[in-house]
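These notes concern the structure reproduced below.
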Amino acid sequence: MIKIAIIGAGNVASHLGIALQHAGAEITAVYARDERKAKALATKFHTLWVDDIDKLPANTQLTIIAVKDEAIAEVSNQINISGTVAHTSGILGMDALAKHKHRGVFYPLQTLKSGVDVNFNTVPLLLEASNEETIRLLKKTAKLISQKVSEVKLHERQMAHLAAVFSNNFTNHLYAVANDILQTHGLSFDLLKPLIVQTAQNIQHQLPAEVQTGPAVRGDMETIDMHLQLLREHVQYRQLYELISASIIEQHRNKK
């Protein structure tokens, strides 16, 4: 049984801890600066809450730092146990953990929100490690919860993180824009849900560019101009529409 300590009490810490525990790992302790959240998470795991990072159990094999990127290096420098230390950032290198001989990255490429269940079996876990012994431990741990485990270099992970921002964060913002447009005119976002589901299904077996639809890919400038007129009182949304339409037109011009 792999013994794992969790540092952090946010969404990543919670989801990872739950998945690992259900898969048979032992969560030895939880530590976080927010004591209330740390206690609550430790209670959920039926494990030890520590109020001092120096109290992490010495027999912990893997300490997972699941905190904000800007705090990772500081937290890493406070850890004084000899096991492997890994962070969950999609963008930071292992140099943030330079204090530790056995260091690595355990990055889940998935959006994780409180109260939303995640099937980790299909979540890509991108790993990096300082040496062979460490990567073996990280792979063993990752394969407890996911069938999609990959060892990647820093630049590859960073590009995956960037692509994830485009495909998830930016797309979700566009949903929010669409909802605002609909609500402004007394319409429900529910109107778009079947379309969103179908769009997601379309890219399961084809590349996104191959299933692109809409006025921009058709070169329908008359419809584009009408849309821009409808957005004349929404300057930011108009700019988004123009920028994305131009990008679609350029991409498909290059394909042709």
Rounded to the nearest Å, the spacing of the alpha-carbon centers of region 206-256 and region 59-73 is 42 Å
What residue among 164, 246, 58 shows peak mean-square fluctuation when the chain is described by a Gaussian network model with Cα springs under 10 Å?
-> 246
Folded to 0 to 90 degrees: helix 193-202 orientation relative to the chain principal axis, Cα | 70 degrees
Return P(r) of region 157-255 (all Cα-Cα pairs; 10 Å bins starting at 0; whole %; ordered from short to long distances).
-> 13, 39, 40, 8, 0
Distance from region 128-192 to region 86-117 (C-alpha centre basis), Å = 13 Å
If the cut-off is 26 Å between C-alpha atoms, which lysines fall inside it for residue 55, apart from same-chain ones fewer than 8 positions away?
-> 3, 37, 39, 44, 68, 99, 101, 140
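I need the shape label for region 6-75. Rule: rounded when a/c is under 1.5, else prolate if a/b > b/c, else oblate, with a, b, c from the alpha carbon gyration tensor.
Verdict is rounded for region 6-75.
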With both partners inside region 99-216, how many of the DSSP beta bridges are antiparallel, as a percent to the nearest 5?
-> 60 percent
Looking at the chain, what % of its DSSP beta bridges pair antiparallel, to the nearest 5?
-> 20 percent
Straight distance only, please: which lysines reach the Cα of residue 193 with their own Cα at less than 24 Å, same-chain residues fewer than 8 apart left out?
-> 113
If you line up the long axis of helix 221-230 against the longest principal axis of the chain, both from Cα atoms, how many degrees apart are they, to the nearest 10?
-> 70 degrees
Averaged over every viewing direction, what's the projected area of the C-alpha convex hull for region 3-152? Give it in nm², one decimal, please.
-> 7.6 nm²
Going fewest to most other Cβ atoms within 10 Å around each Cβ, 89, 245, 114 line up as 114, 245, 89
Karplus-derived 3J(HN,Hα) from phi for region 236-245 (6.51 cos²θ - 1.76 cosθ + 1.60, θ = phi - 60°), whole Hz, x at Gly and Pro, runs 5, 5, 4, 5, 4, 4, 5, 5, 5, 4
Using the alpha-carbon atoms, what tilt in degrees (0 to 90, nearest 10) does helix 11-22 show relative to the longest principal axis of the chain?
-> 60 degrees
Ranked by GNM mean-square fluctuation in the chain (Cα springs under 10 Å), the top entry among 93, 83, 115 is 115
With -39,500 (n - 2.57) per DSSP H segment of 4 or more residues and division by the full residue count of the chain, the 222 nm estimate, nearest 500 deg cm²/dmol, is -13500 deg cm²/dmol
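Laboratory data are not the source of any read-out in this text; all were calculated from the coordinates shown. Note that the structure is predicted; figures quoted are calculated from it, not measured. As a convention, Cβ positions derive from the backbone with ideal geometry for all residues, glycine included, and neighbour counts pool all protein chains shown.
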